[in-house]
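Here is the structure we will look at.
The values are calculated or read from the model by the stated rules, or taken from the named source; none is laboratory data. None of these values were measured; they are calculated from a predicted model. Here the Cβ is made from the backbone with ideal geometry for all residues, glycine too, and neighbour counts use every protein chain on show. Ligands, DNA and RNA are stripped out before the accessible areas are found, and what is left, the full protein with its side chains, is counted by its heavy atoms. Shrake-Rupley method; radii C 1.70, N 1.55, O 1.52, S 1.80 Å.
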Amino acid sequence: WIKDRDATKNHNLFDSSRGKQKELRSNSTDEQFTNTDTLNRFLVGGCQIEDGTSVNNSGDSFVSWNWVANSGTTSTNTTGSITSTVQANTTAGFSILEYTGTGSSGSIGHGLSAAPEVIWIKDKGNSTNWRCWHTGFGNITTYQKLNSDDGYGSASMWGTPTSSAIIIGGTGYEVNESSNNYVAYCWHGVDGFSKFGRYSGNNNADGPFINTGFKPAFVMIKGYTIGTPWIIWDNKRSTFNPSDNVLYPNITDAEATSGNDLDILSNGFKARGSAQDYNGSYDYLYFAWAEHPFIGDGTSPVTAR
């Protein structure tokens, strides 16, 4: 996930299941397209980029957020009624699914060891919304759109996910049109590594503290009931508190550097402003991943800073 911090440009999303140069945009309904001037190769320790202006414009600052799946190795999953191609990291609770819609409600194997708490789905071949579900909704009839600042909507596009499959509705919801090709990203929380939940804002500079059990490297927040933008903080663009360098996944704006103060702490995060985007008198959803995971292959517990 690459974004030019200095310019009004798209958020560019790539994954090794769909393949290099296959671009989707979180801020757009655009279908997947091939852009040869973007990501040229997935590497063990990162990626190789080309000289295109969207990912490598001369003189601009960029940010890249990355999740490790299964080193690009996929497998066929027939657990559900709809066959999927899955790339999963069960330790990190993250998987990428590709499937073809049937037009009828069904289940799709996700390859994880627990039920997903976050699901994002995009039709690769058509101009449609990103459909998102989050455990913080508290019900299975709610959705939001990654490409929009809208509050929640209600529809029968989901069923309760299980430890083996996600459940989707039939035609009409942009997640299962007959013969259309989709990609889905699924996550579940892992102690010491990731956490997804909901909190209530207090419209005060002394905002709520959210205990994640780890020091976050990446925090994303979205208003649940109100029309506010998705908003991202991370520990690379802001290296001290309050963290206030933010980007908005649903719009192309350059990085904002004031007015969204957040303390990133050793065991969670705390709102230090009263902006409606993340701490008005409303409910908010959050997504958080750790700076130093306390679990996983090749990791050792460290003292949080």
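Averaging Cα coordinates gives a centre for the range 131-197 and one for the range 62-118; these two points are 13 Å apart. Remark: relative contact order (the chain) = 16 percent; criterion is Cα-Cα distance under 8 angstrom and separation of 6 or more residues. A Förster radius of 30 Å, combined with the Cβ-Cβ distance separating residue 154 from residue 257, puts the computed FRET efficiency at roughly 0.25. A 1.4 Å probe run over the protein chains yields, for the chain, 40 Å² of accessible area per residue, whole-number rounding. Across all Cα pairs in the chain, the calculated P(r) in 10 Å bins from zero up to the longest distance comes to 6, 27, 38, 24, 5, 0 percent per bin. Here the accessible area of the chain is 43 percent carbon and sulfur, with a 1.4 angstrom probe and all protein chains present. If you take all other residues with their beta carbon under 12 Å from the beta carbon of residue 7, and give Lys and Arg +1 and Asp and Glu -1, the sum is -2. Using a probe of 1.4 Å on the protein chains alone, the accessible area found for residue 18 is around 20 Å². Placing unit charges on each Cβ (+1 for Lys and Arg, -1 for Asp and Glu) gives the chain a dipole about its Cα centre, and among 103, 147, 135 the Cα reaching farthest toward its positive end belongs to 135. Neighbours of residue 213 by Cβ distance under 13 Å: Lys/Arg scored +1, Asp/Glu scored -1, total 0. This model, with +1 at the C-beta of Lys and Arg and -1 at the C-beta of Asp and Glu, gives the chain a dipole about its Cα centre of some 460 debye.
Charge tally for residue 271 (other residues, Cβ to Cβ under 11 Å; Lys, Arg +1; Asp, Glu -1): -2.
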